[in-house]
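Engineer: Got a structure for you, written out below as structure tokens; questions coming shortly.
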Amino acid sequence: MLKSRKELDAELDGAARAWLDGALAEAAHDATAREAARAQADGGAGTTPPDSPYAWELRYAAAGRHCGPAHADSVRSLLLIEARAPLPSVTRLYEQGTAAERRAVLLTLDRLGLGDRALPLVEDALRTNDTRLVAAAVGPYAAAHLDPHAWRHAVLKCLFTGVPVDAVARLGERARGDAELARMLRDFAAERTAAGRDVPADLRTALALALTTPAAPTEES
């Protein structure tokens, strides 16, 4: 779970807090400079800001070293938010990052106001067998932006890789009454049974939701 700045301040030592203060200040400065350059460009008074790396991106990679691996996700998430990270930065940090750095990107996507433009990153994570990335990829951003076909396959990916379906954001909402998801889950259960393998309890959980009839909308009185 991502921690707030207040929670981090209570857990980090003085050196780590000082580093985080500087990193967040740098991220905020870069965000302001980028937006000012864009405003000038829109007004015909300048050029659009380049897609080259910003200074805070170097801080992103160093978060674990300065604040500890246990806090790295939270620190990286705060940096992305403070920088109001644009899609080129988010994509660069994901594509060039370690698995831990990629996970932090995925965990923060829903807080960056990118619309559906970052879906390729989620789709990439779901093609891996890294359970850390798969679990991060099925969070609120995926729930909001994956189309039904891709979302159903994301649920199955969790079952294939052993990621608990509790990691799937809005599972109850999106799975409820989904006949196609129910069919896919039944097929998967049948394959497991035919191979002499146990059917995961999580599959039964998801199937029960998919077989539940959605509540009828109530009329406004």
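Engineer: Based on what the data block shows, is residue 159 under 26 Å from residue 2 (Cα atoms), touching an Asp or Glu at 6+ places or on another chain (Cβ under 7 Å) and either open to solvent by 70 Å² or more (accessible area, probe 1.4 Å) or aliphatic (A, V, I, L, M) (or both)?
Structural biologist: yes
Engineer: In the range 136-187, what residues are in a loop (DSSP other than H, G, I, E, B) and closer than 17 Å to residue 201 by Cβ? Don't jump to the end; show me each part of the working.
Structural biologist: Of the residues in the range 136-187, the ones in a loop (DSSP other than H, G, I, E, B) are 138-139, 146-147, 162-164, 168-170, 176-178.
Answer for the range 136-187, where residues must be in a loop (DSSP other than H, G, I, E, B) and closer than 17 Å to residue 201 by Cβ: 162, 163, 164, 168.
Engineer: Now a separate question. Taking the range 119-135 on its own, how many of its residues are within 12 Å of residue 103 (Cβ to Cβ) and either open to solvent by 30 Å² or more (accessible area, probe 1.4 Å) or not in a helix (DSSP H, G or I) (or both)?
Structural biologist: Residues meeting the conditions: 5.
Engineer: Please work out if residue 73 is closer than 23 Å to residue 24 by Cβ, touching a Pro at 6+ places or on another chain (Cβ under 6 Å) and acidic (Asp, Glu). Before you say what the answer is, go through the steps one by one.
Structural biologist: Numbers: closer than 23 Å to residue 24 by Cβ: yes; touching a Pro at 6+ places or on another chain (Cβ under 6 Å): no; acidic (Asp, Glu): yes.
No.
Engineer: Let me ask something else about it. Any idea which residue in the range 57-67 is nearest to residue 4 (Cα to Cα), counting only those that are of a type in the set (D, E, K, R) and buried (at least 18 other Cβ atoms within 10 Å of the Cβ)? If you could, list the steps in order and put the result at the bottom.
Structural biologist: Our first condition is that a residue be of a type in the set (D, E, K, R); within the range 57-67, this holds for 57, 59, 65.
Right, trim to buried (at least 18 other Cβ atoms within 10 Å of the Cβ) and you get 57, 59.
Numbers: 57: 20, 59: 18 Å.
Residue satisfying both the conditions and the ranking: 59.
The values are calculated or read from the model by the stated rules, or taken from the named source; none is laboratory data. Bear in mind that the values here come from a model prediction, so they are computed numbers and not experimental data. Every residue, glycine among them, receives a Cβ derived from its backbone with ideal geometry; neighbour counts consider all protein chains shown. Areas reflect the complete protein model, heavy atoms only, side chains present, ligands, DNA and RNA absent. Shrake-Rupley method; radii C 1.70, N 1.55, O 1.52, S 1.80 Å.
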